[in-house]
Structure formats: C-alpha cells, structure tokens
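Enquirer: Below: one structure in structure tokens.
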Amino acid sequence: MTLLNTPGSSGPRPGLRSFAAVILAFSLVTVGIVPSQARAAKSKAHKEATDPREMQAREAYAAGSYKEALDIYTRLYAEKLHPTYLRNIGRCYQNLGEPDRAISSFREYLRKAKNLPADERAEVEGYIGEMEELQKKNAAAAAPTRPLPQAAPPVEPSPPPSLVQPRPMATAEQSAPANAESPFYKRAWFWALVGGVVVAGTVGGLWAGGAFSAKSNNGCPNGTLCVGP
C-alpha cells in the first residue's frame, strides 16, 4: 500500500514520484521507437521505388539505346502500373520516331496521372504536338506524287499549198493508152482487103457478063452499039 504524504509536508509523495518516472520512461521509449519505424518504412519505400532496372533504363536512354530502355520501362509498367512509366515509354517512342505510339502513351499518362502539375502537363502536351506534326510529315511523304502534266509540243503551221496549173483536157484518142490496139475497122489493111474484094467482085461480074469478050452477040464490039448490018 502506497503511503500518501501528510498535508503540510514538503515535496511530492513517494507514490507520485514512481508514477512520474514510469510515464517518463515510457515516453522516451515511444519517442525512440516511432522514428525508427518511420525511417524503416521510408527506406523500404525508397528501395521499392529505386528498382535497379530503372537505373539500367535511364542509362540506356542516356546512351541513345531507346529500344532497350523501352523494353525495360514496358516491363516495369506491366509489374507496377505506375503512370510515370507511361511517360517514359512515350519518350522512348518519341525518340524512335514512332509518333502514333508516342501519342498514345502520352495521352494515357495524362489520363492516369492524378494531380499532375500544370507545367508538367503542358510539357507532355507539347510532346504530343510535336508527334502530331511528325504524323503529318510522314503522311505527306508517303502520299504518291502525281507527275505534272506535260505541255503539248507546239504544232508547226503547214506551208501553204503551191499553185498547180490546170492541165488541158485530153481527147479520147490521147487518153487511150499508147499500146492499146485500135479497132480492126480503123486499120488500113482492113480497108485494103475490102477494096480488093470489091474490085475482084466487080471484075468477076464483068467477066461473067462477057464484058471482056471481043464481040458481043450482035457482032458489035463489046461495049458499043452497032447500027445496021
């Protein structure tokens, strides 16, 4: 049983002194334990945040090995789903010259990153603008170029036709070929033959009529008229 000090006595009672000592000791122990636990938790979170692969990815990115850095950041995002990896993935695609995938990663980062500062949001939107310009350039380069229409060569005017003197009309005989045979009735031998036949016929008739005998039947020379005996 704790004895209490009598009234009028000086100094704290012995029971109160023991209780105060216990409270002080408990406070000192509590104050020492809480910072230790906080430091341990912070150290654990720091170790989880600084994955060795992150350093490897940053080194690859700084060396220009964007494909290697992209592979590492892709695996880290698949494991931890932290939106910062989406930004890093977009930067890798940006340096690899793949605007479609870069824009997709940047927009997904802006959608998932909560309470993003205005300056950082503006920076990422600037990256998106750069990639959209690259998209337009790639589309223009891939479009087929149409050949320019060539102007038709000038047509030289044809010379005026030269004057031709009219030729005189040819007659029927002139128009006939030189080597064409004329009709037989126009030949000289035909008419000579006809004349000979006529002469022969006439002579034959006269001969038959006795025109060439010395005297006629009445005693007169042939072809004369005798009067009287």
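Enquirer: Quick one: PHE106, PHE190, fewest Cβ neighbours within 10 Å first, how do they rank? Provide the component values of the computation, followed by the final result.
Expert: On the way: PHE106 23, PHE190 12.
Taking fewest neighbouring Cβ atoms as first place, the list is PHE190, PHE106.
Enquirer: Taking just the alpha-carbon atoms of region 49-142, what radius of gyration and Dmax come out, in angstrom?
Expert: 13.6, 43
Rule-based calculations on the coordinates, nothing more; no lab input. As the structure is a prediction and not an experimental result, all values here were calculated from the model. Here Cβ is always computed from backbone atoms with ideal geometry, including for glycine, and neighbour counts include all displayed protein chains.
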